[in-house]
1. Are any residues in the range 101-124 out of contact with any helix residue (DSSP H, G or I) (no Cβ under 7 Å at 6 or more places or on another chain), part of a loop (DSSP other than H, G, I, E, B) and either outside the structural domain of residue 18 (by TED's automatic domain parsing) or surrounded by fewer than 17 Cβ atoms within 10 Å (Cβ to Cβ) (or both), and if so, which ones?
2. With 130, 145 as the choices, which residue is over 12 Å from the mean Cα position of the chain (by Cα), in the same structural domain as residue 33 (by TED's automatic domain parsing) and in a strand (DSSP E or B)?
3. Can you tell me which residues in the range 43-67 are farther than 14 Å from residue 130 by Cβ, assigned to a loop (DSSP other than H, G, I, E, B) and over 13 Å from the mean Cα position of the chain (by Cα)?
4. Take residue 67 and tell me if it is crowded, with 19+ Cβ neighbours inside 10 Å, within 17 Å of residue 111 (Cβ to Cβ) and either in contact with a helix residue (DSSP H, G or I) (Cβ under 7 Å, 6 or more places away or on another chain) or assigned by TED's automatic domain parsing to the domain that holds residue 108 (or both).
């Protein structure tokens, strides 16, 4: 069927694509179903999309091809920190949402808060197709999802050789290498300056000549 969307596919349209809360999202998804007489396949996918790379773009493109309308849930900063540690995400939630909008594959984007119940977004809009990576759900969880909250779960293989975690590790390693090289050049002089300063501070003042 013809792709049904409330936004211009050639523009980011942040105000239209980014949905403020789950209740508003439910209303929009329901409106799409009514307008299409139930013939619009709603697709849902979710993720962090931190330091977005070609794998993310391919993943979103593949997800979009599974139906007519794609909803993307973006993990909030607090949700990411809880799962991946205090140094993640590298890119804040507002920029990550905007970045996904700029790919044009996502029709609607919503921020997922850590306070939401398990599978809260999936339960709320009950998509026709739920897109996931190989690590997201177990076989038992997929059966549970398909029996109660979506018609089908599609598991996509890795879309690129690189990952965000690998990129972060490389940045850290490169940074440490640069720091090591810098210290190897600067440290001898720095150490000498520190020693001279310490010696100078402990040097006894010379006695005044008696006249």
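1. 115, 116, 117, 118, listed by residue number.
2. On the way: 145 fails: in a strand (DSSP E or B).
Of the residues listed, the single one that is over 12 Å from the mean Cα position of the chain (by Cα), in the same structural domain as residue 33 (by TED's automatic domain parsing) and in a strand (DSSP E or B) is 130.
3. Listed by number, the list holds a single entry, 65.
4. Details: crowded, with 19+ Cβ neighbours inside 10 Å: yes; within 17 Å of residue 111 (Cβ to Cβ): no; either in contact with a helix residue (DSSP H, G or I) (Cβ under 7 Å, 6 or more places away or on another chain) or assigned by TED's automatic domain parsing to the domain that holds residue 108 (or both): yes.
No.
Listed here are the residues, each with its yes/no results for (1) surrounded by 13 or more Cβ atoms within 10 Å (Cβ to Cβ); (2) farther than 30 Å from residue 24 by Cα; (3) at pLDDT below 95.
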{"residue": "127", "(1), (2), (3)": "yes, no, no"}
{"residue": "131", "(1), (2), (3)": "yes, no, no"}
{"residue": "140", "(1), (2), (3)": "no, yes, no"}
{"residue": "147", "(1), (2), (3)": "no, no, no"}
{"residue": "153", "(1), (2), (3)": "yes, no, no"}
{"residue": "181", "(1), (2), (3)": "no, yes, yes"}
{"residue": "187", "(1), (2), (3)": "no, yes, yes"}
{"residue": "190", "(1), (2), (3)": "no, yes, yes"}
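The values are calculated or read from the model by the stated rules, or taken from the named source; none is laboratory data. For clarity, every value in this text was computed on a predicted model and none was experimentally measured. In this analysis, Cβ positions are derived from the backbone assuming ideal geometry, glycine residues included, and neighbour counts consider all displayed protein chains.
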